[in-house]
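The structure under discussion appears below in the form of structure tokens.
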Amino acid sequence: MTVIGIPFIWLLLFLVFPFAIVFKISFAEMAIARPPFTELFAYAEEKLSVMLNVGNYLFLFKDKLYLSAYLSSLKMAAGATFLALLVGYPLAYGIARAHPGIRNLLLLGIVLPYWTSFLLRIYAWIGILKTNGLINNLLLKLGIIDTPLHMLHTDFAVYVGIVYAYLPFMVLPLYTNLVKLDESYLEAAADLGAKPWKTFLFVTLPLSKGGIIAGSMLVFIPAVGEFVIPALLGGPDTLMIGKVLWEEFFNNRDWPVASAVAIAMLLLLIIPMMWFHKHQTQEMVES
Amino acid sequence: MHIINFDRAGGRSPAMGAPYESTRNNARIRGGRGFRAKKFDAITAVDNVDLNIKKGEVFALLGASGCGKTTLLRLLAGFEIPTDGQIVIDGEDMQSIQPYNRPVNMMFQSYALFPHMNVSKNIAFGLKQDRVPRAKIKQRVDELLELVHMKELFNRFPHQLSGGQRQRVALARSLAKSPKLLLLDEPMAALDKKLREQMQLEVVNIIESVGVTCVMVTHDQEEAMTMATRIGVMHDGKLLQTGTPHKVYEYPNCRRTAEFIGTVNTFSGTVIENSADHVIIDAPELNREIYVDHGISGSVGTDIWVAVRPEKMTIDTTPPSGEYNHARGVVEEIAYVGGLSIYHVKTQSGMIIRVTLANVDRLAEGRITWDDEVYLSWQPGAAVVLTW
Amino acid sequence: MSATRRSPLLSVWLLLGYTFLYAPIVILIIFSFNESKLVTVWAGFSTKWYWELFQDRQMLTAAWLSLRLALMSATAAAALGVLAGLVMARFGRFRGHNLFAGMITAPLVMPEVITGLSMLLLFVSMEKVIGWPDGRGLLTLWIAHVTFCAAFVAVVITSRLREMDESIEEAAMDLGAPPFKVFTAITLPIIMPAVAAGWLLAFTLSLDDLVISSFVAGPGATTLPMKVFSSVRLGASPKINALATIVVLFVSLCAVGAGILMFRTERQRKFEIQAAMRDTD
């Protein structure tokens, strides 16, 4: 019983309960106090009064900043996920079809960067994309461009950063899926007269659906709420909701609005999260 | 009432000098509506089981996969809890006794050897749990290593052993605590065919030399017949028949048993004459009547089935004498399998009858070949009347 | 799958892919030895940034804090994760199973800003109501890190337990070992490599975390990523390159070591299995 009890209570206390508190505080009002918000419940003169401030949520709708930040987060996360899929699928496929002896080595090569610091890997791109950075220096020297390209602090840099940082999350589930793919299916398709690209389109791709979903969700969901990448590589007009939440909290010290932003973000992500979770359990049942 | 009994004496262990008939029970399971293993929720996995197992015998539960035989084994080991019923071993109710306190040990289908322990440690594990003194453990482990011929390999790890060696270790490990009951779950399933035949005899010899009561589960009828002193045929959670291999094969009590063990030709028919020493059955599929040399309990007019094993039929090109027990047909198919040839003969009614003939001579083709018109016949004692 | 008829295009793509993954890291390392303060213009070889890094007291304090935090978090997360993995893989469908499975997967996909904010609000509220935890610092950092790292460990352990033959545990029980003994004598030794992997994963995650830490750290405690982040925001510095080089060196040494070890044991094992197969029974 303690085996269930300890992790259950820990997770309940430090994971589920906090969300309830975020939900509660999203209905509070900002106040000059410690902590900087008002209480929801007040008990005075035998009266329990509940003050629910829906202003934070209305504010999210009224102020164009939030809505466009949500939309642009979704757009950028989706775009980056698609790019990561384009880059990652051939990679995963190539590894899965490599000689079994070097497969693990190749896989290690994909995972290894993930074990080094996320922050430092994003930092590396600053030096590469800067106006006087490596790419510009190279292109200038080769005479391809006359004036340096503006790449750092743009949406482009954010896309590059997300694809770069989350590529292992895309490749790993795809690889796990593709390596299980029985080659005799492909041989059967070829034997029945399908050209390689048709075999890929009608056999390999549908069979790897599970890996595509898992990989895409693993990139998409954290990318929507990403903070470090837009903060370091994005520009002042790069709108991403993670960054907005961070600034609301740390710069404006408006905890109630930050909570409301978090709840809205959670609602936005709950569908892909559930989908991912359902998919994972399904995979586990099947295997 | 559904009982599994483990009688103190009986079986085929003459070394023990025990009488074949005994009323002392070693263990017993009892249930009302049947045992419902918890795992299967609403499905009744084991139902209506009534069984007597004698001390020292090797009892095989035989059935297709999903028939409930493994559940029955796991009930005995204590991994499944009967929703309804009672398990008694050596006079002790097992209901509230955890698997780790039962006097029962099991050899698993996958052998389940502990991968991080060597052969000796694997065998010693059970004794260690009982806090047996170290010197005693060593002595017992040496004994068992000797018994299963694994003395030289005592410090190998499971992955360093071949399939047969692993099985020996698994057997030694489950015998280490001298259980009152040894359970074998599909003991040969993890071995290839050649090794299987050798290990069947070896495992039986070891079990008999130890004299432990043993219940095994298998879907392989040859394995059951080679290893067991008695067989219980299971289907859909029910025990259809129990008996010696000979009895189950030669005197099946229902069509399912007859068909599951070996091959059989069954003819449906109606009783037209029934007396103490014989019965005559009208079999429309044969256009002829069947004569069986013993009486049955059913009355005239009862619909029944007659089963005849393929090897108990003779095949000939000339019509046999006598009016009963033969059929005419055309050879449809001949399968040459080495020692035997199997003939598929199609009767006028369209039924296919299988007949096996031993290939006693070396002729490439027998006397009888495709499309020959042949006559099949059998002795009155060869057929079995089945009522369900 | 075997290596039958692989398109050369695929090999080119693999090459490009690995270049994409490793070029930034290699560049980072190269420029850590740059004489110039400009991280992108080569001005000769020098190790001076390493000396500067080792003299940066703030950086060293932050690194020391991060290391201690990571050690403590990884250990607790490994223990908690093993328990959670056991619940997931061995306890079947008890009441609340779905909630539990959901709680385990949530930190894996939850945006860090949300996790961080919710943790902070929890600590603040708890302090207000029960007076604990008193302020924010190492303790709150530890709780937060254990929580999200445990989820990752649990995933590793769950999948290891699921692929383990359950009859090995049943066999131990059958031979007289009560459940706790089965766990300590059989299950734990067998899954130990996975526990070690989970611990390492938790260690790196904790060492690397910026967002959650920033929320729950409070003014007193600054972890290494927080320090790096604030200095990077002020502009690139070769000192950070030097730090990155050390991190990369450390990680690759660990990975190469673990890789060689795994490769060796695997080869040894294969060899022994083949030898066993040749043995006659």
field: Scope the range B:211-237; condition surrounded by fewer than 18 Cβ atoms within 10 Å (Cβ to Cβ) and under 20 Å from B:Asp90 (Cβ atoms); matching residues
entry: B:Gly211
- request: Give the residues of the range A:9-19 that are surrounded by fewer than 19 Cβ atoms within 10 Å (Cβ to Cβ) and within 9 Å of another protein chain (Cβ to nearest Cβ), sorted by residue number.
  value: A:Leu12, A:Leu13, A:Val16, A:Phe17
- request: Report yes if B:Leu183 is open to solvent by less than 10 Å² (accessible area, probe 1.4 Å), of a type in the set (A, V, I, L, M) and either without any contact (Cβ under 8 Å) to a residue 60 or more places away in the chain or part of a strand (DSSP E or B) (or both), otherwise no.
  value: yes
- line: Residue pairs within 7 Å by beta carbon, gap of at least six or interchain, first lying in the range B:127-142 and within 21 Å of C:Pro178 (Cβ to Cβ), second assigned to a helix (DSSP H, G or I) and open to solvent by 100 Å² or more (accessible area, probe 1.4 Å), listed first then second, are B:Ile137/B:Lys128
field: Among residues of the range B:158-180, those that are part of a loop (DSSP other than H, G, I, E, B) and aliphatic (A, V, I, L, M), counted
entry: 2
Top-ranked residue in the range C:259-277 [being at the interface with chain B (Cβ under 10 Å from one of its Cβ atoms), surrounded by 11 or more Cβ atoms within 10 Å (Cβ to Cβ) and among the aliphatic types (A, V, I, L, M); ranked as nearest to the chain's Cα centre (by Cα)]: C:Ile273
field: Top-ranked residue of the range C:150-192 - restricted to ones that are closer than 14 Å to C:Gly81 by Cα and open to solvent by 20 Å² or more (accessible area, probe 1.4 Å), ranked as farthest from the chain's Cα centre (by Cα)
entry: C:Leu188
query: Listed residues C:Ser206, C:Ser237, C:Ser252; which is free of Cβ contacts under 8 Å to residues at least 12 places away in the same chain and either under 30 Å from C:Thr47 (Cβ atoms) or within 8 Å of another protein chain (Cβ to nearest Cβ) (or both)?
result: C:Ser252
message: List pairs: first residue in the range B:275-291 and aromatic (Phe, Trp, Tyr), second residue part of a strand (DSSP E or B) anywhere in the structure, Cβ distance under 7 angstrom, at least six positions apart or on different chains.
response: B:Tyr291/B:Ile280
- line: The residue that is surrounded by the most Cβ atoms within 10 Å (Cβ to Cβ), considering only those in the range B:101-116 that are more than 28 Å from the chain's Cα centre (by Cα) and within 7 Å of chain C (Cβ to nearest Cβ), is B:Phe114
message: Condition first: modelled with pLDDT of 90 or more and open to solvent by less than 10 Å² (accessible area, probe 1.4 Å). Now tell me which residues in the range C:120-149 satisfy that.
response: C:Leu120, C:Leu121, C:Leu122, C:Phe123, C:Thr140, C:Leu141, C:Ile143, C:Ala144, C:His145, C:Val146, C:Thr147, C:Cys149
- request: Return yes or no: is B:Leu62 out of contact with any Lys or Arg (no Cβ under 9 Å at 6 or more places or on another chain), modelled with pLDDT of 60 or more and within 22 Å of B:Glu186 (Cα to Cα)?
  value: no
statement: When (1) open to solvent by less than 60 Å² (accessible area, probe 1.4 Å); (2) part of a loop (DSSP other than H, G, I, E, B); (3) farther than 27 Å from B:Arg362 by Cβ; (4) not β-branched (Val, Ile, Thr) are applied to B:Ala307, the one that fails is (2)
field: Residue in the range A:215-231 that is nearest to the other protein chains (Cβ to nearest Cβ), counting only those that are open to solvent by less than 10 Å² (accessible area, probe 1.4 Å) and in a helix (DSSP H, G or I)
entry: A:Ile221
Subset of the range A:99-149 [open to solvent by less than 60 Å² (accessible area, probe 1.4 Å), over 18 Å from C:Lys37 (Cα atoms), facing chain C (nearest Cβ under 7 Å) and more than 30 Å from the chain's Cα centre (by Cα)]: none
field: Which listed residue is over 27 Å from A:Gly79 (Cβ atoms), open to solvent by 40 Å² or more (accessible area, probe 1.4 Å), aliphatic (A, V, I, L, M) and modelled with pLDDT under 85, from A:Ala190, A:Ala194
entry: A:Ala190
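Name the single residue, out of those in the range A:45-78 being open to solvent by less than 60 Å² (accessible area, probe 1.4 Å) and free of Cβ contacts under 8 Å to residues at least 12 places away in the same chain, that is nearest to C:Met126 (Cα to Cα).
Of everything passing the filter in the range A:45-78, A:Ser49 is nearest to C:Met126 (Cα to Cα).
Okay, residues lined up against (1) facing another protein chain (nearest Cβ under 7 Å); (2) of a type in the set (A, V, I, L, M, F, W, C):
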position: C:Met164; (1), (2): no, yes
position: C:Ile168; (1), (2): yes, yes
position: C:Gly176; (1), (2): yes, no
position: C:Ile186; (1), (2): yes, yes
position: C:Ala194; (1), (2): no, yes
position: C:Trp199; (1), (2): no, yes
position: C:Val211; (1), (2): yes, yes
position: C:Arg233; (1), (2): no, no
position: C:Gly257; (1), (2): no, no
- request: Can you work out which of the residues in the range C:38-81 that are within 30 Å of C:Asp165 (Cβ to Cβ) and either of a type in the set (Gly, Ala, Ser) or in contact with a Leu (Cβ under 8 Å, 6 or more places away or on another chain) (or both) is most open to solvent (accessible area, probe 1.4 Å)?
  value: C:Ala79
- prompt: Exactly one of (1) over 30 Å from A:Glu29 (Cβ atoms); (2) surrounded by fewer than 16 Cβ atoms within 10 Å (Cβ to Cβ) is unmet by A:Glu247. Its number?
  reply: (1)
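The values are calculated or read from the model by the stated rules, or taken from the named source; none is laboratory data. Remember, predicted model here, so these are calculated numbers, not experimental data. Here the Cβ is made from the backbone with ideal geometry for all residues, glycine too, and neighbour counts use every protein chain on show. For the accessible areas, the whole protein counts, side chains as well, though only heavy atoms, and no ligand, DNA or RNA atoms are used. Shrake-Rupley method; radii C 1.70, N 1.55, O 1.52, S 1.80 Å.
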